[in-house]
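A short write-up of the structure that comes next.
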Amino acid sequence: MASTYGFIGLGLIGGSIAKGLRSAEPDCRILAYMRTRARLELARSEGIVDLALSGIDDALAECDIIFLCTPVEYNESYLSRLKPLLKPGAFITDVGSTKSSIQRTVEQLSMEQLFIGGHPMAGSEKSGYEYSDPLLLENIFYLLCPTAKTPPAFTARMEALVRSLRANPYVITAAEHDQAVATISHLPHLVAAALVNLVQDTDSERHTMKQLAAGGFKDITRIASSSPVMWQQIFSSNRAAVSAVLRQYISAMEAIEQALLTDDMSAIHELFTRSGSFRSQLADEHGLMNAQYSFSVHVADRPGAISIISAILAAGGVSIKNIGINHNRESGDGALRIEFYDADSCLKAEHLVQKYNFVIEARK
Ligand SMILES: NC(=O)c1ccc[n+]([C@@H]2O[C@H](COP(=O)([O-])OP(=O)(O)OC[C@H]3O[C@@H](n4cnc5c(N)ncnc54)[C@H](O)[C@@H]3O)[C@@H](O)[C@H]2O)c1
Ligand SMILES: O=C(O)C(=O)C[C@]1(C(=O)O)C=C[C@@H](O)C=C1
């Protein structure tokens, strides 16, 4: 029998999951609530949502799985209201960027048997349903944090669901999760925001820095435009872990300052030697797409570039496995990712797009 899914919040992440489920299970039923009614109606008119709810509605009792996809503190606030609605065998999951805080609330509400935490490790600085895209979830790690009492069948169900979204399930404890994301996700957002504000606070009257900022500044600060509400709640619920890692980061910065003050250039050389070798391993092992046959093409300032490239490849007899805007921006703004079924197709495609003067930015 087709499954019924509920969504509380249908923005960037909720919308991407709902769209992915709709394509993986066309017959599934999707019920959703979000505060902006117009966007909910858009999701309904697109055939993603079957029933647009105007709040926590009794209809949610039909759901097999309810996804909480609002900012982390709001997600927690919905748990107690959803508990009495769950039918036997149904459970709740969330997509929040922190996992210990919601797990504590789940424990306080005696809902451990009804909950499994979730967190897709992908996203964007953009917010809202209009930016949602199932491609966002492809090939990423989707972290799962079962509680001590989550039935193994629920974990297995989520693992299968994650695979159906073409993501990779990764089971981890809430504590280990929060520790890791404090360093690889939360700290970078602080660094980006602080750096952008340093520029605004210290720029010249004619805004020299603002005008001249190029790739380096833009690459490291894209995420400074992320949702203030979402990030305020993330930092509030992972304060201790982020403060600890921020302290370590400040110490690393102080060591760099010392090297500069004492003209210790071998320390600076060593800094980049170590970071470069580790960073290149990251790109190899967990690149944007784990697919082996893919590349990114620069498409900025070319209206209709996706259709042009698709037409070029189709005319050349090359089948595309997947095509989409590169949300991780590893290859810069405007990069279009194209994935192929085999090495020969990938090579042929490279020659074809280059023949039409498109610039290839990253190969796998
Ligand atoms: N953006 C990312 O990069 C990213 C990545 C992974 C996980 N997450 C997590 O996913 C969750 C959602 O983030 P997003 O990026 O989709 O945000 P978003 O702003 O795009 O969407 C949030 C949705 O929740 C709704 N909403 C907000 N407050 C609400 C409330 N009180 N009640 C009901 N609905 C409410 C909004 O209308 C919107 O539909 C957050 O918990 C976030 O930590 C975000
Ligand atoms: O790519 C981005 O814009 C993101 O910030 C995505 C990102 C991150 O990598 O930090 C942000 C928050 C999430 O919880 C998971 C992923």
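Here are the numbers:
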item	result
Neighbour-count ranking [beta-carbon atoms within 10 angstrom, fewest first] of 30, 250, 17, 48	250, 48, 30, 17
Charge tally in the Cβ shell below 15 Å around residue 263, where Lys, Arg are +1 and Asp, Glu are -1, residue 263 excluded	-3
Ranked 209, 158, criterion: other C-beta atoms within 10 Å, fewest first	209, 158
Amide H partners (placed H, <5 Å) of residue 30, local residues excluded	5, 50, 51
Neighbour-count ranking [beta-carbon atoms within 10 angstrom, fewest first] of 93, 202	202, 93
Amide H contacts under 5 Å for residue 115, placed H, 5+ residues apart	92
About the Cα centre, charge dipole magnitude for the chain (Lys/Arg +1, Asp/Glu -1 at Cβ), debye	600
Cα centre as origin, Lys/Arg/Asp/Glu Cβ charges: the stretch 184-239 dipole, Debye	140
Anisotropy class of the chain from Cα gyration tensor, a/c 1.5 cut	oblate
Qualifying aspartates and glutamates (Cα of each under 20 Å from Cα of residue 87; at least 8 residues distant if same chain)	50, 57, 58, 62, 64, 76, 107, 112
Relative contact order of the stretch 116-195, defined on C-alpha pairs under 8 angstrom at six or more residues apart (%)	30
Positive minus negative residues near residue 137 (Lys, Arg vs Asp, Glu; Cβ under 12 Å)	+1
Span-rule helices in the chain, defined as complete DSSP H runs reaching 24 Å or more along the axis (Cα) with Kyte mean at least 0.0	239-261
Antiparallel content of DSSP bridges confined to the chain, in %, to 5	50
Neighbourhood charge, 14 Å Cβ-Cβ cut-off, centred on residue 315 and excluding it, Lys, Arg +1 and Asp, Glu -1	+2
Top positive-direction residue, dipole computed over the stretch 82-238 with Cβ charges, set 85, 207, 187	85
Placed amide H near residue 335: partners under 5 Å, 5+ positions off or other chain	299, 326
Length-normalised contact order for the stretch 1-116 - Cα pairs under 8 Å, 6+ apart - percent	26
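Just so you know, all these numbers are worked out from the coordinates, no wet-lab data involved. Please read these numbers as outputs of a predicted model, since none were measured by experiment. Note that we place each Cβ from the backbone using ideal geometry, even for glycine, and neighbour counts take in every protein chain shown.
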